[in-house]
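Heads up, the thing below is written out as structure tokens.
The values are calculated or read from the model by the stated rules, or taken from the named source; none is laboratory data. Computed from a prediction, not measured in an experiment: that's the story for all the values here. Quick reminder, even Gly has a Cβ in these numbers, built from the backbone with ideal geometry, and neighbours come from all protein chains shown. For the accessible areas, the whole protein counts, side chains as well, though only heavy atoms, and no ligand, DNA or RNA atoms are used. Shrake-Rupley method; radii C 1.70, N 1.55, O 1.52, S 1.80 Å.
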Amino acid sequence: MAQTDIRLSTTVTIRPTSGWTALNLRDLWMYRELIFFMVWRDLKVRYKQTLIGVSWAVIQPFMTMVVFSIFFGMLAKIPSDGMPYPIFSYVGLLPWTLFANALNNASRSLVGNQNMVTKIYFPRLVLPLASVVAGVVDFLIAFLVLIGMMIYYNLIGVTHLTLRWEMLTLPLYLLLALVTALGVALWLSALFVKYRDVGYIIPFLSEFWKFLSPIAYSTTLVPEKWQLIYAINPMAGVVNGFRWALLGAPTPPDVRLLASAGVALFLLISGLFYFRRMEKTFADTI
Amino acid sequence: MTTVIRVENLGKRYRIGLVSQEYQTLSEKITTALGAPLRAFRNLRRDGHPPSTIHNPSTMLRTSPQSDHIWALREVNFAVEEGQVLGIIGRNGAGKSTLLKILSRITEPTEGSLTIRGRVGSLLEVGTGFHPELTGRENIFLNGAILGMKRAEIERKFDEIVAFSEVEQFIETPVKRYSSGMYLRLAFAVAAHLEPEILVVDEVLAVGDAEFQKKCLGKMGDVAQQGRTVLFVSHNMSAILRLTQESIVLEKGRLVLRAPSAEAVDYYLSAGTCGKSGERIWDADEVPGEAAPFQPIALRLRDKTGNIVDTVRSTEPLSIEMEYSLAAPLTGLRIGIYLSTARGEYVLTSFDTDDQHRFEKHGSRPAGHYLSRCTIPADFLNGGRYALGVNASSYRIRRYFMDEQALSFNVDTSGAPGMQWAEPRPGVLRPRLEWQIETK
């Protein structure tokens, strides 16, 4: 029975591989349902035995927004491209929170699922991939709050936000954030298997990166001659894109976005190959 | 018949001492770089091997002085036909687990190749990926997916899995509230319904209660009957004999014998792998680290005059002694012996603190050097070959050490009751019973 399974007829030859190996995405495709189940497990477990459940997905970016608004918006009076500071910073915090959580969870995914790695075969790529995807659900929930804020500011007459065609580009920016997170997480998760130092680097890296990204401030504050170098950070492209698409900020996609996307792709591809190269030793070194 | 598994010249090398690995890697790189020309020359002269092999094949396995590597498996060759049930026998550390890990693609071999036709289902560790917060139902789906089942497949078999696991009432309860037995049954149920072409089973039968073990063995039998291939690793010789037609014996990473299971079990119990001189001595490096603070030293068999023997007469008492030391005081420690026949059926189990008086007196043992001794009475065992296992544990706390086949010995029946008839006498025991013959 079970003739439905395509793996039945497959013949696998296992031999030592050396150096850089092919990605074997076919294997990953065969295990696509596992990605789904891992995402589902992550979400299910994350909010079990919590009092307010999914509200936590909102609280993290929302409270940061409140703090930012008080200190950077009201006290430091950082310019916010003519938008109310709360909505300006929240639009930046949305993709950032997604990115930071995805990076953190995916980087820890291999070590966090040690028993799976040492006992069962499956494409190891499933673990970081599922962690990144699970973050999207939180993002969508937090996004609903943004819609609420936009309606509120429109109602009290502070803004006149309308549906814009630019909003359709939002998924592309979202993808850019995910690609970046996955790319870096592939490197970090593979390194984490061997060097536990990575566990200490992640929060530091995340904090550092946060201030390098235009979340509390606007990219327009960066001097012209530094703009291209600044755009090497893919998250700058993501946040600028979000503000442009949603709020009409003066940061339309241009060559800087290409630089961001190029860096993100480089991170992803190099990360994939590094991950594959290290994959064969995961079970022995973890 | 098609070959479903072909293992060719398979080898797996591990680096030992993972703790200071970076340092070792670095220093190793330096020494390799500096010593390469010299070593190349030496290797070439010695056995003509290319200089790229760090390991020198002319020395036996294990560590060679110039590297801190260990070959867990070396030059293993065998093939398995479709529908065959192959037993894998070997002492702890013989390379069984490494072989299974390579077979189930968890780790890569260092050399050689392995060709597998069909899906491999591994029961290396049941319940992998189970999440305590999720309910039984949720874990069935999750675990099924981890084991490589399609969602539709899990849905189709769901009821069967639940019925097999006997946890119907608790299927909506988080598994963290399960008893360990329930947890295990559910985990095994999922794995048992994977229905792969090749099933790899390792010691899972050592867990669970007797009733459930029977069920598991039955399930494995079914799998074999359906014409699927099974690789079965166990220390339970009677299970090996019952379930497999043929077995391979691994010794220090090498395949030393492939034979019909009866022959392989006999080899394992009598030749080489198992202590046979009436004495089994454990070297410090043979004992797994988790045994601490318990350190086994030796297990010995003595006849009535105190000589160490590997053949005893059934008409004489036999003394079994276990020597060990404790690096720290232990509470509730008990030293147990397991006596079984060469076919793996248990004859008896006994602990040194079975007796209530001794249990109270030796409830906690300070650090020190000990000897636990017992006597098997005369006119007790029938003739044949027996295996003796030892175990050191604290009831419901921890098992420190276990060696199920520490020693094997022969029982000779000369002079035993009934020897006037030269016929085999069935049964494990050969007691001298008090018969009365009356004429009425």
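Of note:
- Residues being open to solvent by less than 30 Å² (accessible area, probe 1.4 Å) and modelled with pLDDT of 90 or more - total across segment B:351-366: 2
- Scanning segment A:50-59 for residues that are assigned to a helix (DSSP H, G or I), open to solvent by 20 Å² or more (accessible area, probe 1.4 Å) and farther than 13 Å from A:M149 by Cα returns A:S55, A:W56, A:I59.
- Restricting segment B:107-121 to residues that are outside any loop (DSSP other than H, G, I, E, B) and open to solvent by less than 20 Å² (accessible area, probe 1.4 Å), the residue that is farthest from the other protein chains (Cβ to nearest Cβ): B:G121
- Among the residues listed as B:L348, B:L330, B:L381, B:L407, the single one being of a type in the set (A, V, I, L, M), under 25 Å from the mean Cα position of the chain (by Cα) and open to solvent by less than 30 Å² (accessible area, probe 1.4 Å): B:L407
- Candidate set: segment A:226-259, residues that are more than 19 Å from A:T162 (Cα to Cα) and of a type in the set (F, W, Y); chosen: the one nearest to the chain's Cα centre (by Cα): A:Y230
- Residue within segment A:104-114 that is closer than 24 Å to A:G148 by Cα, out of contact with any His (no Cβ under 7 Å at 6 or more places or on another chain) and more than 14 Å from chain B (Cβ to nearest Cβ) present: no
- Exactly one residue among A:Y195, A:Y173, A:Y152 is within 14 Å of chain B (Cβ to nearest Cβ) and of a type in the set (S, T, Y), and that residue is A:Y195.
Per-residue answers, yes or no, for (1) at pLDDT 85 or above; (2) farther than 15 Å from B:A387 by Cα; (3) open to solvent by less than 30 Å² (accessible area, probe 1.4 Å):
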site: B:D209; (1), (2), (3): no, yes, no
site: B:Q226; (1), (2), (3): no, yes, no
site: B:L231; (1), (2), (3): yes, yes, yes
site: B:N236; (1), (2), (3): no, no, no
site: B:R254; (1), (2), (3): yes, yes, no
site: B:A271; (1), (2), (3): no, no, yes
site: B:G278; (1), (2), (3): no, no, yes
site: B:D285; (1), (2), (3): no, yes, no
site: B:P288; (1), (2), (3): no, yes, no
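- Which listed residue is modelled with pLDDT under 90, under 25 Å from the mean Cα position of the chain (by Cα) and closer than 18 Å to A:V222 by Cβ, from A:S80, A:S89: A:S80
- Test: A:I269 is in a helix (DSSP H, G or I), away from chain B (no Cβ under 14 Å) and open to solvent by 40 Å² or more (accessible area, probe 1.4 Å): yes
- Within segment A:60-119, tally of residues that are small (G, A, S), under 29 Å from A:K194 (Cβ atoms) and buried (at least 20 other Cβ atoms within 10 Å of the Cβ): 5
- When B:V162 is tested against (1) of a type in the set (V, I, T); (2) within 9 Å of chain A (Cβ to nearest Cβ); (3) open to solvent by 10 Å² or more (accessible area, probe 1.4 Å), just one condition goes unmet, and that condition is (2).
- Taking segment A:225-256 as the range and being part of a helix (DSSP H, G or I), touching a Phe, Trp or Tyr at 6+ places or on another chain (Cβ under 9 Å) and free of Cβ contacts under 8 Å to residues at least 40 places away in the same chain as the test, the residues that pass are A:A236, A:N240, A:R256.
- Test: residue in segment B:92-106 that is more than 28 Å from A:M278 (Cβ to Cβ) and either outside any strand (DSSP E or B) or open to solvent by 10 Å² or more (accessible area, probe 1.4 Å) (or both): yes
- Just so you know, in segment A:129-162 the residues that are under 27 Å from A:L103 (Cβ atoms) and β-branched (V, I, T) include one that is surrounded by the fewest Cβ atoms within 10 Å (Cβ to Cβ), and it is A:I147.
- Residues considered: B:R373, B:R385, B:R358. Of these, the only one that is farther than 23 Å from B:K304 by Cα, of a type outside the set (G, A, S) and either in the same structural domain as B:P296 (by TED's automatic domain parsing) or in contact with a strand residue (DSSP E or B) (Cβ under 6 Å, 6 or more places away or on another chain) (or both) is B:R358.
- Subset of segment A:39-49 (residues that are in contact with a His (Cβ under 7 Å, 6 or more places away or on another chain) and either more than 14 Å from chain B (Cβ to nearest Cβ) or crowded, with 19+ Cβ neighbours inside 10 Å (or both)): A:R41
- Search result, residues across segment A:181-208 that are basic (K, R) and assigned to a helix (DSSP H, G or I): A:K194
- Annotation note: of B:S393, B:S414, the sole residue that is under 31 Å from the mean Cα position of the chain (by Cα) and in contact (Cβ under 8 Å) with a residue 40 or more places away in the chain is B:S393.
- Selection from segment B:123-152 of residues that are assigned to a helix (DSSP H, G or I) and either open to solvent by 10 Å² or more (accessible area, probe 1.4 Å) or more than 10 Å from chain A (Cβ to nearest Cβ) (or both): B:G136, B:R137, B:E138, B:I140, B:F141, B:R151, B:A152
- Within segment B:77-91, if we keep just the residues that are crowded, with 18+ Cβ neighbours inside 10 Å and aliphatic (A, V, I, L, M), the residue that is farthest from the other protein chains (Cβ to nearest Cβ) turns out to be B:I89.
- Pair list, Cβ < 6 Å and 6+ apart or interchain, from segment B:292-317 residues that are basic (K, R) to residues that are assigned to a loop (DSSP other than H, G, I, E, B): B:K304/B:E316; B:K304/B:P317
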